[in-house]
Structures are given as structure tokens and as C-alpha cells.
Amino acid sequence: MNSRVDQETLLESVVTESAGASYIVTAGNGTIYRCRTFPGTKTENEDSSLVAVGDRVIVKVTESGSDMCEAIIMQVLSRASALTRKRDIRRNRSKETTQVIAANIDRLVVVVSTFEPPLNTRLIDRYLVFAESERLETIIVVNKMDLDDSGEVREIMEPYHALGYRVLYTSFTEMQSIADLRDALAGTVSAFSGHSGVGKSTLINLLIGEERLKTAETSMKSGKGVHTTSNAAMEDLPGGGYVIDTPGIREFNLSGITRENLRFYFREFLIHMQHCAYSSCTHTVEPGCNVIKAVETGLVDSSRYESYLLIFESLDQES
């Protein structure tokens with residue numbers, strides 16, 4: 001490969017992988033470049049991560065000292081959508097208040113498992129709040145269904161079906177479930193997110209038909225997931241579409257959600273809250289709260305309401 005190129009060549013590209021301080025991008029002509037930012041890199045996205053997988057960027061091709069083409073990221077274009085979470089202030093050394101996990105996605109795929117680690121509906125609810133706030137289409141994938149001998153998991157997930165969320169059940173031993181998931185993702189850009197150890201990377205390897213992503217078993221000692229994906233990566237799906245594998249998380253800190261607007265992102269509340277005694281009702285302790293009444297009469301699932309209360313208590317009163 002000729003490493004000498006026009007150093008003023010500017011190309012619009014898509015970031016397909018982050019690897020520490022460098023990024024892999026794919027230009028419109030199909031050429032793959034290893035890139036880096038520099039102090040003059042401009043962005044159209046304020047107060048968030050400078051570059052994320054899925055971003056559309058303008059790069060300037062540079063001279064390469066290796067077989068791989070290289071470039072500098074000159075500008076990050078405006079994001080149409082993003083999977084984000086609030087940075088932990090205690091650990092955040094950056095001025096950025098929002099961490100972008102994946103950019104320009106059409107759909108959020110929330111991956112949980114039946115066991116190893118156990119099904120976590122509280123995490124599902126936090127993701128759904130974020131998706132509702134961003135008007136992102138969501139698919140909930142319940143993985144490792146071969147471990148659910150009792151059938152209890154489908155019963156636990158019934159409230160989500162009732163609310164109109166799409167729930168798919170997958171197992172590495174049942175290839176038809178993988179095919180169904182692949183069909184659901186066709187033609188779109190989907191970001192996979194969830195706890196470590198739920199099987200995101202293995203699912204994606206099965207979806208793309210080859211083992212490109214590292215996988216690991218759940219820790220036998222703790223029962224918790226083991227981090228394997230350390231950087232986000234975008235993979236193309238056979239038949240069209242892309243999936244972005246993201247690092248496993250331990251918690252999902254909601255970005256842009258306040259105590260004042262949280263109630264709008266529990267879709268089952270909307271019809272009931274219109275009849276609350278107070279227009280500013282928080283649905284926690286107020287007399288005449290029609291949402292609380294709906295919980296007591298079984299019209300709103302009590303477990304979902306408990307999630308609402310937990311999220312409400314965790315949020316700052318100021319955004």
C-alpha cells in the first residue's frame with residue numbers, strides 16, 4: 001500500500017471503533033483509517049464526549065508510517081441521536097458532563113439475562129426511561145433462556161409486553177432465536193447495552209456469523225458479569241444494518257432526567273396522571289394522586305411503580 005497521500009484530503013467518515021486514544025473510521029469510499037483527535041478538533045456537540053462510535057466525522061488524511069491508512073479527526077458532526085449516561089462526578093476528571101456510549105443510533109437494544117447474572121428489571125426500567133426521553137425505539141432482549149427451566153422469566157416480563165415494548169427471548173442453543181433477532185435489527189443501526197456477562201458480545205458474534213468480539217464467562221465466585229468489551233465497536237450485519245457493541249456497565253446514570261420530568265417517561269402513567277388532583281403531582285405522596293390509585297387497583301404494575309420511586313429518589317432535583 002502506498003503510504004504517501006495528499007495531506008489536504010478531507011473525507012466524511014463514520015467512527016466504527018474506539019481504542020483508547022485512537023479511533024477506527026470508515027470513509028465513504030470504503031477505506032479504513034486509524035485516526036486521532038488533536039487540540040483543534042471541532043465538534044457540533046457541546047458538553048459531551050468528543051468522539052463516539054457511530055459519529056460522523058470529517059478527517060484529514062495524513063502520511064502513514066505503516067500499512068494502515070491514517071488520518072486526523074478535524075470535526076465531529078452533529079448527532080441525530082445518542083446513547084448517553086451522566087458521568088460519575090466522583091470519577092470524572094473531564095469537563096464533559098455526559099458520556100456518549102454510541103452515536104447516531106436508530107434503536108437501543110437492552111440486553112439482560114435470565115441468570116448468571118440474574119434478570120435485572122430495575123436496569124431495564126432505567127434504560128426505558130432514557131429511551132422514552134430520547135424517543136428511541138427499544139428492543140428488550142432476554143438472553144440465556146435455556147437456563148429458565150421454570151418459565152418464570154416470561155411471567156416477569158409480561159408487564160413490558162402489556163406496555164407495548166418489544167421483547168425477544170434468545171439462547172445460544174436455539175439458533176432460530178438468533179435469526180429472529182437478526183431480522184428485527186435488519187436495516188438499522190442498533191446499540192447493544194447492558195450489564196457485563198449477559199452475553200452481548202456472543203450474541204453479536206452469532207448475528208454476524210463469525211467471532212470478532214471477545215467473550216468471557218460470568219464470574220463463578222460473584223455471579224456478576226466479567227468485563228470483556230472495553231471499547232465500543234460497530235459491526236455490519238449480513239443482509240444490512242449495523243450493531244454497536246458497548247462495554248458492560250455496572251450502573252446506568254440517567255442523563256437529562258429530573259424529578260420534575262421523570263413521570264412523563266413511564267408510559268403507563270400518562271393516562272392516569274391527567275386526573276391527579278395537582279398538575280405538578282410527583283406521584284409519590286400527594287393526596288388525590290390518580291397514579292397511586294392506579295397502582296393500588298392493579299392498573300399500573302407495582303414493580304414498575306417501585307422502579308419509578310427508586311429512580312425518583314436517585315435523581316437530583318436540579319438537572
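Given the choices [x] 24; [y] 32; [z] 45, percent of Cα pairs over 33 Å apart derived from the coordinates of this structure is entry [y]. For ARG250 and ALA277, the difference between the fully extended length at 0.36 nm per residue and the C-alpha to C-alpha distance is 5.9 nm. For segment 10-79, the Cβ-based charge dipole about the Cα centre amounts to some 40 debye (Lys, Arg positive; Asp, Glu negative; other atoms uncharged).
Dipole of the chain computed with +1 at Lys/Arg Cβ and -1 at Asp/Glu Cβ about the Cα centre; of ALA233, THR9, TYR127, farthest Cα towards the positive end is THR9. Computing FRET efficiency as 1/(1 + (r/R0)^6) for MET175 and GLU137, where r is the C-beta to C-beta distance and R0 is 25 Å, gives about 0.50.
Report summary: the helix-based calculation at 222 nm, which adds -39500 (n - 2.57) for every DSSP H run with n ≥ 4 and divides by the residues of the chain, gives -6500 deg cm²/dmol. Comparing mean-square fluctuations of THR282, THR84, THR297 from a GNM of the chain with C-alpha springs under 10 Å, the top value falls on THR297. Residue separation of ASP236 and ARG267 scaled by 0.36 nm, minus their Cα-Cα distance, works out to 7.9 nm of gained length. Taking LEU254, LEU11, LEU270 as the candidate residues, the one with maximal mean-square fluctuation in a Gaussian network model of the chain, Cα springs under 10 Å, is LEU270.
Taking other C-beta atoms within 10 angstrom as a stand-in for reagent exposure, HIS161, HIS272 fall in the order HIS161, HIS272, fewest first. The label point for SER22 and the one for ASP47, both projected 7 Å from the Cα toward the Cβ, are 3.4 nm apart. Here the chain is treated with +1 on each Lys and Arg Cβ and -1 on each Asp and Glu Cβ, and its dipole about the Cα centre works out to around 760 debye.
Please get the size of the charge dipole for segment 84-212, origin at its Cα centre, with Cβ charges of +1 on Lys and Arg and -1 on Asp and Glu, quoted in debye to the nearest 20.
Its charge dipole is roughly 1000 debye.
Per residue, the convex hull spanned by the alpha carbons of segment 262-314 comes to 70 Å³.
Treating each Cα of segment 103-175 as an identical point scatterer and summing with the Debye formula, the log10 of I(q)/I(0) at q = 0.13 Å⁻¹ comes to -0.38. Note on LYS293: aspartates and glutamates with a C-alpha under 12 Å away, same-chain residues under 8 apart excluded, are ASP301. For VAL300, neighbours were defined as the other residues whose beta-carbon sits under 10 Å from its Cβ, and their charges (Lys and Arg +1, Asp and Glu -1) total -1. Once the chain from GLU152 to LEU310 is taken as fully extended at 0.36 nm per residue, the excess over their C-alpha distance is 54.5 nm.
Packing, taken as the mean count of other beta carbons within 10 Å per residue, orders the peptides 54-60, 118-124, 13-19 from highest to lowest as 54-60, 13-19, 118-124.
Quick note: the coordinates plus some simple rules give every number you see, no bench work behind them. All of these numbers come straight from a predicted model, not from anything done at the bench. FYI the Cβ positions are ideal-geometry reconstructions off the backbone, even for glycines, and counts take in every protein chain you see.
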